[in-house]
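Enquirer: Okay, handing you the structure first.
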Amino acid sequence: MQFLNILFDTLLDIIPIAAIIFGFQYLVIRKKVKRLPQVLIGFVLVLIGLSFFLLGLEQALFPMGNLMAEQLSSESFLPSLAEGAQRHWSDYYWIYIFAFAIGASTTIAEPSLIAVSIKAGEISGGTINPFMLRISVALGMAFGITLGTWRIVMGLPLQWLVLGAYILVIIQTLRSPKSIIPLAFDSGGVTTSTITVPIIAALGLGLASSIPGRSPVMDGFGMIALACLFPIITVMGYAQLAEWLEKRKPKNKAAVSSDR
C-alpha cells in the first residue's frame, strides 16, 4: 500500500516534466519524437525506479541515519561523566568519525559526481584526473558534514559558518585557475544528490533529536548547505596545489642542470 502511494505521488511529480518535454517537442519544435515507444518505456522505468528508491529511503536510509545518530550520541555509549560535570564536545568523537567516513564514502559512490568527473576528464584532454577530482570532492563533503555535526553538538549559529565558508570561496575564486572555477562550483552541486542528501538529512535530524537542548528544526538542518560549500573549496584548493607544483618543476630542473 505504501509503495502504491509513493508510485502515485511520483507520477504526479513526473507528469509536469513529461508535459513540458512533449509540449515543446510537438508545439514549439513541431517534430515527432524519435523512437517514441522507447522514450515512453524509459519514462515508465524512471517512474518505477524513483518509486522504489523513495520506498528504500523510507524503509532503510532514514531509519538507519536516525538510529546511528541516536546510538553514537546515547549516554550509554559516550564516555562516563563525573557527577555534576558537563559533557565536552570532544566526547562525541565517534560522531565526527562516522560523519567524515559516511560523507566521503557516499560522495565517492555518487552517480552525478562520477558522470561529471568522467566528462571533465574527457573535455580537458586528460589534464583533469577524474579520480583525483572525486577524491577532492569527497574530502570536501566529508569535512563539511563533520563540521555540520560539530555545529549541532556545540549549538553554534549556522550563518556564521556559512558566511566564513563563502568568504573563503570568494578568496579562492579570485586566486584559482580560471578553468577550474566553473567545475568546482558544479562539483559542489552534484554532491548533494540521490545518495548523500537522505543520509545527511537523517544524520542531522537524528543527532539534533538526541542531544539535549537541540531543536531538530533549528539545528537538524543546515548540514547540506555546508556539504555544498566545502567541495568547492577543496576542488579549487586541489587546482591551486597542482598549479603551484607545476610552476616548481622548471625551477627544480634548472637547479639540477646548474649543479651538473
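The values are calculated or read from the model by the stated rules, or taken from the named source; none is laboratory data. All figures in this text were calculated on a predicted structure; none of them were measured in a lab. Cβ placement follows ideal geometry from the backbone for every residue including glycine, while neighbour counts extend to all protein chains displayed. Just the protein is used for accessible areas: all its heavy atoms, side chains included, with ligands, DNA and RNA removed. Shrake-Rupley method; radii C 1.70, N 1.55, O 1.52, S 1.80 Å.
Enquirer: For the chain, what is the number of Lys pairs with C-alpha distance below 25 angstrom, counting only pairs 8 or more positions apart or on separate chains?
Expert: The result is 4.
Enquirer: How much net charge surrounds Leu54 when only other residues with a Cβ under 14 Å from its Cβ are counted (Lys, Arg +1; Asp, Glu -1)?
Expert: -3
Enquirer: Any idea of the accessible area per residue across the chain, 1.4 Å probe, to the nearest Å²?
Expert: Spelled out: the 1.4 Å probe surface of the chain, per residue, equals 60 Å².
Enquirer: Of the listed peptides 35-47, 235-247, what is their order by residue-averaged count of other C-beta atoms within 10 Å, with the highest listed first?
Expert: Final packing ranking: 235-247, 35-47.
Enquirer: I would also like to ask the following. Based on alpha-carbon centroids, what's the gap between the range 26-99 and the range 128-145 in Å, whole number please?
Expert: Going from one Cα centre to the other spans 19 Å.
Enquirer: Further, regarding this structure: How much net charge surrounds Ala104 when only the other residues with a Cβ under 12 Å from the Cβ of Ala104 are counted, with Lys and Arg +1 and Asp and Glu -1?
Expert: 0
Enquirer: Apply the Karplus parameterisation 6.51 cos²θ - 1.76 cosθ + 1.60, with θ equal to phi minus 60°, to every residue of the range 154-167 and state each ³J(HN,Hα) to the nearest whole Hz, in sequence, with x for glycine and proline.
Expert: Coupling constants for the range 154-167: 7, x, 7, x, 5, 4, 6, 5, 5, 4, x, 5, 5, 4 Hz.
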